[in-house]
Every structure is written in structure tokens, then in C-alpha cells.
Amino acid sequence: MKRKEENVLKEIVEITKLLKKKRSISKEELCKTFNLEPKSIERRLKKIKETQTDYYLKSERNKGYQLIPRNTNFKTPKDKVSRTRITNDDKPLEGIYDTALKKKIKDLDKAIKEKRLVQMRYKPGNGKPASDKRILPLKLIITESPIVLAIYPEGEDKGVRTFNLNRIEDTILTPKRFDIQVNLDEGRFDDFGIFYWKGAIIFNVELLLTTHSSEMIARDFNRFRKRIMHLPKKHGITKEFNNRVYEYDYKLTLDVSEIGLYAVARMITGMLAHVVVNTKDEILKTKLREYINENVINALDKNI
């Protein structure tokens, strides 16, 4: 047993050395190099991520893994998403982001300081085509997936919007300036990092998960991975559909303490057979059904 632990430690050290080199390494390559199964590689990567706190474990689906030095100190308030406002003294851009993303961050940061309008081409996450937008950036939130809070200063609706920088195709600083004061302290972020004004409805919800849905959520929403817990006993649920009986074994639970309606709806819509929304909040239930009717059931006639 002791020898096995020593071998594991040695493998972790060797994998760490490889990941610190200037290229990405695929999981398949790591498996072949160390003669390990994919699950074993994942456990070693998890340990590396926990111990190499001065490095960011970059993971790209088509390229693989790489350890990149962190050049900024991210604060983590109350176990929430790491966020910071970049300043001249910080250097959060080196190493972590590619050149195109660095340019967008620098353009938006300059626009925030100079209160300048930004022309951008943005592709939303709902599948609709990209369109041109003119925004006034208010605050950058630097995380593994950076976002910017902004308003449409030329429109009637001055509500704060959240834009994912990875969906911004291009940014152009315009000479037009707006001196509009927005108190972002009057709002808060949900567990997805989405901004809501004070008074907006934020839900507390528990999701009962099968093994399949828990794996999908952990893959797509890494920040929830540590919050998926095993239930004290299995929750067997039987569902009847088209004269067939389906039995599901819900063994895991995810307690999401602060989340907006559309965030939880988007998270569960593609896995409805594998998720039970365990809540007594009838408002949340009704709004979720309305969302699914509009975006899934009614969309069948148009899209399929």
C-alpha cells in the first residue's frame, strides 16, 4: 500500500512537470505516457489543481491540459465566484487568456475608465446569430470565464446586462462618452455570476440528480462540482409516459442557494428526465413550466 501511494505521488510530480511546459497535453497522451486509465488521470489532475495554487489548470476540449502561472491574486468572497476589478497594478492577463481575449479585456477596461461607448459584435448563448451592440461597460469580472457588466446608454432601458467575453467577436472603442452613474452595490450576483438588481427574485432550489445529470452539471458548471452530494438514501421515482413506466434512481443532490429563473431553467432543460426540482416554491415551479413550454415544447413545431 505504501509503495502504491509513493507511485501515485511520483506520477503526480511527473504529470505536473509535463503540464508546466509550453504546450497542452491531451488526456489520451497522459494515459499512454503513464499507463493509466482516464479516471486515474482525472484524480491526479484534481490533486494537482488543489495543490498547485500558484498555477491555473487550463483545460481545452480539443487540445488538453496545461498549467499556467497565475499573475494576479483573485479574492474569493464567501465561497462565491472569484472576482476582481483589474487595476493598473494588476497583471491578470498574462498567460491565462489568448491574445484576442486580452485585447477585449484591455479595450473594455479602458472604456470603463474613460466612460466611453463600445461598439461590439455579440453572439448570444441562445443560438441566435451575432448582432452589433453599443454598450457602456461598467465593470469587468475577471474569472476563468470573464464577463462584463454594461448598459445600453442610447436606449430607454438602462438595465444592467451581463456579457460573456468569449461570445464577443470584436470590440471597437468609440469617441462617444457617457457620464452615467450606476450603483452596482444595489445588486448582487447569483451562483452563476449573473447580476441582479436589489429586489429581483432569486430562488433557492435543491436539484435531485441521477449519475448522468450530476456528471453533466459537474462538466459544464465546474463551480458546482464540490456541492454535489450523495443523498442519505436513494430516491426512487417512477414516471409514466406513453403507456411506459420509467424508473429513475436519484442518488445525488445539488443545493443552489442563489439562482435566477433562467439560469436553473437552462441548466436542467436538456436533462429533464434526470433532474427533479425539489422545491415547494410554486412561483418557481410555474415559471419553470412556462419557460420549458415556450422554449422546448412550443419550439418543436418550428424547429423539428
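The values are calculated or read from the model by the stated rules, or taken from the named source; none is laboratory data. Everything numeric here is computed off the predicted structure, so don't read it as measured data. Virtual Cβ from ideal backbone geometry, glycine too; neighbours counted across all protein chains shown. Side chains included, ligands, DNA and RNA excluded: accessible areas come from the protein's heavy atoms. Shrake-Rupley method; radii C 1.70, N 1.55, O 1.52, S 1.80 Å.
How large is the accessible surface of MET120 in square angstrom, using a 1.4 angstrom probe and rounding to the nearest 10?
Estimated to the nearest 10 Å², MET120 gives 0 Å².
Note down the net charge around LYS158, summing +1 for each Lys or Arg and -1 for each Asp or Glu among other residues with Cβ under 14 Å from its Cβ. Mind showing how you got there, number by number?
On the way: positive: ARG134, ARG161; negative: GLU154, GLU156, ASP157, ASP179, GLU186.
Summing Lys and Arg as +1 and Asp and Glu as -1 gives -3.
Given the pairs LYS133/LYS285; LYS21/LYS139; LYS128/LYS285; LYS10/LYS39, which span a C-alpha to C-alpha distance of over 24 angstrom in this model? Please list the in-between numbers first.
Values: LYS133/LYS285 34 Å; LYS21/LYS139 34 Å; LYS128/LYS285 27 Å; LYS10/LYS39 17 Å.
Pairs exceeding the cut-off: LYS133/LYS285; LYS21/LYS139; LYS128/LYS285.
Sort 107-117, 287-297 for me by packing, meaning the mean count of neighbouring Cβ atoms within 10 Å per residue, highest on top. If you can, show how the numbers build up before the last one.
On the way: 107-117: 18.0, 287-297: 14.0.
Top of the packing list down: 107-117, 287-297.
Might you work out the accessible area of GLU186 for me, using a 1.4 Å probe with all protein chains in place, and round it to the nearest 10 Å²?
80 Å²
Would you tell me the accessible area of ARG219, worked out with a 1.4 angstrom probe on the heavy atoms of the protein chains, in Å² to the nearest 10?
Accessible surface of ARG219 is approximately 130 Å².
Sort ARG121, ARG227 by accessible area with a 1.4 Å probe, largest first. Could you put the intermediate results ahead of the total?
Working: ARG121 90, ARG227 70 Å².
Listed by decreasing accessible area, they come as ARG121, ARG227.
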